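The values are calculated or read from the model by the stated rules, or taken from the named source; none is laboratory data. For clarity, every value in this text was computed on a predicted model and none was experimentally measured. When we count neighbours, we look across all protein chains shown, and the Cβ atoms used for this are built from the backbone with ideal geometry, even at glycine. Heads up: the accessible areas ignore ligands, DNA and RNA and are worked out on the full protein's heavy atoms, side chains in. Shrake-Rupley method; radii C 1.70, N 1.55, O 1.52, S 1.80 Å.
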Amino acid sequence: MKNKQMKSKHNYPINDPISYDLPTLESLKKQYVGLAEVNQNAQIKENGIFLILRSASLDNIHKGMKYGLWTSTPKSNQKIDNLFKSNDNVYLLYTVVGSKSFQAVAKLQSGFRTESFKYWDEPLKWFGSFEIKCLYLGELKQKTLDEKQQADLGQIVLTDQTDCTEINSNLGKFVIQCFKDLLAEPDYKNPFVHQFPNMDSREQAIKDSRTEDFEQQFEQQQKIFEKSPFEYKNQYRKQQQLRQMQKYADQMMYMNAYNNQYYQQQYFYPPNYQQQYQYPYQPQPFYQQQRQYRKRDNRDRQQD
């Protein structure tokens, strides 16, 4: 449970402690061009397409909204690109995995490009990008959606949908309207906006940690990616996973060898006091002790 909480906190640090003056939305709009029109009364087109995008961390959504770009897996990128070619009005609803809430709404501004962003949380994993425009930032919880969701819209847990899931226009407009109602509340404190300095500091730490070796590896993978963007397979990450799997397999092989040697020991009688407490002491498994006791009892009965 502790590890699960730590992992959840790392992926979704929207309630981290704040040790600075709270930033205002107006200051963020002046500081970042990508947030110039955020949390305004955006007009949603009638023929719009609505997609649910899932992110592994809140910091990735922070970077995407701030710089006005996004990317996903090659398969999802191809799907989004085809949808944009058929309809210019594609709206993206962002949720962090396991958060049970939406954090942002954006509109797609371009088709897929081969230009890549280097400083996502996961190194050498995401390539290419779409240009997006951030429309809304906040924390819209699934509980709020369940309370307001009408019967004709269906009882769908929207935040649990898979990445790049397309939903009907009524559901998409419903989510955006809930964002508008939430941000219009006079006493609403936007946790996403308040966490911007924390996420900025973590982004700077990532930039400082990327070495020259990372730059070389990034350029190599970028060249491979540009040849076939929608069929790209990250060989570097695949090699890393194979190394981790091999390391795990070696550990399991060692443990199995140790256990086999340990459990094959045969004791016909319980060890005496000196054997039991001598260093190092290796206790016998419970079932072996019971078997020894039964053999001793049977032998005593035969002698009687």
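Worth pointing out:
- Amide H contacts under 5 Å for residue 135, placed H, 5+ residues apart: 105, 106, 107
- Only Cα pairs under 8 Å and 6+ residues apart enter the sum, and on that basis the relative contact order of the stretch 38-104 stands at 46 percent.
- Long-range HN-HN contacts of residue 116 with modeled amide H, under 5 Å: 128
- Accessible area of residue 252 in the full protein assembly, 1.4 Å probe (Å², nearest 10): 80
- Bridgeable lysines around residue 118 (alpha carbons under 18 Å apart, same-chain partners fewer than 8 residues away excluded): 63, 66, 207, 223, 233.
- Within-13-Å neighbourhood charge of residue 142 [Cβ basis; K, R +1; D, E -1]: 0
- Exposure of residue 174 as accessible area (Å², to 10), given a probe of 1.4 Å and all protein chains: 30
- Accessible surface of the stretch 123-172 [probe 1.4 Å, protein heavy atoms]: carbon and sulfur percent: 45
- If you take all other residues with their beta carbon under 11 Å from the beta carbon of residue 173, and give Lys and Arg +1 and Asp and Glu -1, the sum is +1.
- The peptide list 96-107, 80-91, 136-147, 204-215, put in order of mean Cβ contacts within 10 Å with the highest first, becomes 96-107, 136-147, 80-91, 204-215.
- Integer Hz, Karplus 6.51/-1.76/1.60 couplings in order for the stretch 45-58, x for Gly and Pro: 5, 5, 9, x, 10, 10, 10, 9, 10, 9, 10, 6, 8, 5
- Those residues of the stretch 60-87 whose amide nitrogen sits under 18 Å from the label point placed on residue 33, 7 Å along Cα→Cβ: 63-70
- Solvent-accessible surface (1.4 angstrom probe) belonging to residue 95, in square angstrom, nearest 10: 0
- Vicinal HN-Hα couplings computed from phi for the stretch 213-218 (Karplus, 6.51 cos²θ - 1.76 cosθ + 1.60; Hz; Gly/Pro x): 4, 4, 4, 5, 5, 5
- Förster radius 45 Å - calculated FRET efficiency between residue 211 and residue 155 (Cβ-Cβ, nearest 0.05): 0.35
- Solvent exposure of the stretch 37-179 amounts to 40 Å² per residue of accessible area, where only protein heavy atoms count and the probe is 1.4 Å.
- On full extension, the segment bounded by residue 144 and residue 41 gains 35.1 nm, given 0.36 nm per residue less the C-alpha separation.
- 13 Å beta-carbon shell around residue 75, net charge (K/R +1, D/E -1): -1
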